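Comments concern the structure below.
The values are calculated or read from the model by the stated rules, or taken from the named source; none is laboratory data. Predicted, not measured: the structure shown is a model, and the values here were computed from it. Neighbour counts run over all protein chains shown; Cβ positions are idealised from the backbone, glycine included. Ligands, DNA and RNA are excluded from the accessible area calculation, which covers all protein heavy atoms including side chains. Shrake-Rupley method; radii C 1.70, N 1.55, O 1.52, S 1.80 Å.
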Amino acid sequence: QVRLVESGGGLVQPGGSLRLSCAASRSIVSIDALGWYRQAPGKQRDLVAAITSGGTTTYSDSVKGRFTISGDNAENTVYLQMNSLKPEDTAVYYCYADRLRLRSWGQGTQVTVSS
């Protein structure tokens, strides 16, 4: 199991930016894939972005061109840079890690986009 601690959520105006961080309890090089899901009230949890240990990235269509996922091996941290935020991006964002066919989750961080 991998312990994950997220940070960086908050309130931002439409068009603004936020950067989420997900610190892992072990080297991210040893983790098969890391990424972010989000869940808005009354909706299912959906994949936002993911990155594999080989550096391959995946994005949902709704965030392509606005969000960027990246990893810092030295800090054992994965980041989600979110630009041009929209009210529909409002959700709790959860970091996950897949390792040895087990998925671990962070506690979630709230992102609210509102004027």
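Can you report the number of residues in segment 78-101 which are assigned to a strand (DSSP E or B), at pLDDT 95 or above and over 11 Å from the mean Cα position of the chain (by Cα)?
Residues that pass the stated criteria total 2.
Being within 21 Å of GLN107 (Cα to Cα), modelled with pLDDT of 95 or more and charged (D, E, K, R): is that true of LYS43 here?
Yes.
Look through segment 2-24, keep the residues that are outside any strand (DSSP E or B) and of a type outside the set (S, T, N, Q), and return whichever of them is surrounded by the most Cβ atoms within 10 Å (Cβ to Cβ).
Step one: filter segment 2-24 for residues outside any strand (DSSP E or B), giving 2-3, 8-9, 13-17.
Now drop any that are not of a type outside the set (S, T, N, Q), which leaves 2-3, 8-9, 14-16.
On the way: VAL2: 22, ARG3: 11, GLY8: 16, GLY9: 19, PRO14: 13, GLY15: 11, GLY16: 14.
Of everything passing the filter in segment 2-24, VAL2 is surrounded by the most Cβ atoms within 10 Å (Cβ to Cβ).
If the requirement is being small (Gly, Ala, Ser) and in a loop (DSSP other than H, G, I, E, B), which of these qualifies: GLY71, GLY65?
GLY65
Out of the residues in segment 102-112 that are open to solvent by less than 40 Å² (accessible area, probe 1.4 Å) and over 14 Å from PRO41 (Cβ atoms), state the one that is farthest from the chain's Cα centre (by Cα).
Per the stated criteria, the residue is SER104.
What number of residues within segment 27-48 are within 19 Å of SER17 (Cβ to Cβ) and either of a type in the set (Val, Ile, Thr) or open to solvent by 40 Å² or more (accessible area, probe 1.4 Å) (or both)?
Selection size over segment 27-48: 1.
Just checking, how many residues over segment 97-115 are within 26 Å of GLY15 (Cα to Cα) and in contact with a Ser or Thr (Cβ under 9 Å, 6 or more places away or on another chain)?
Going through segment 97-115 one residue at a time, the tally reaches 6.
I'd like to check something: does segment 49-70 contain any residue that is closer than 23 Å to VAL5 by Cβ, touching a residue at least 24 places away in the same chain (Cβ under 8 Å) and loosely packed, with under 14 Cβ neighbours inside 10 Å?
No, segment 49-70 has no match at all.
Please give the number of the condition VAL78 fails out of (1) touching a residue at least 40 places away in the same chain (Cβ under 8 Å); (2) among the β-branched types (Val, Ile, Thr); (3) over 14 Å from LEU4 (Cβ atoms).
Among (1) touching a residue at least 40 places away in the same chain (Cβ under 8 Å); (2) among the β-branched types (Val, Ile, Thr); (3) over 14 Å from LEU4 (Cβ atoms), the lone unmet condition for VAL78 is (3).
Counting only residues that are assigned to a strand (DSSP E or B) and free of Cβ contacts under 8 Å to residues at least 24 places away in the same chain, which one in segment 39-48 is nearest to SER27 (Cα to Cα)? So that I can check it myself, show each step before the final result.
Quick first cut of segment 39-48, residues assigned to a strand (DSSP E or B) only: 39, 46-48.
Keeping just the survivors that are free of Cβ contacts under 8 Å to residues at least 24 places away in the same chain gives 46-47.
Details: ASP46: 25, LEU47: 23 Å.
This residue is LEU47.
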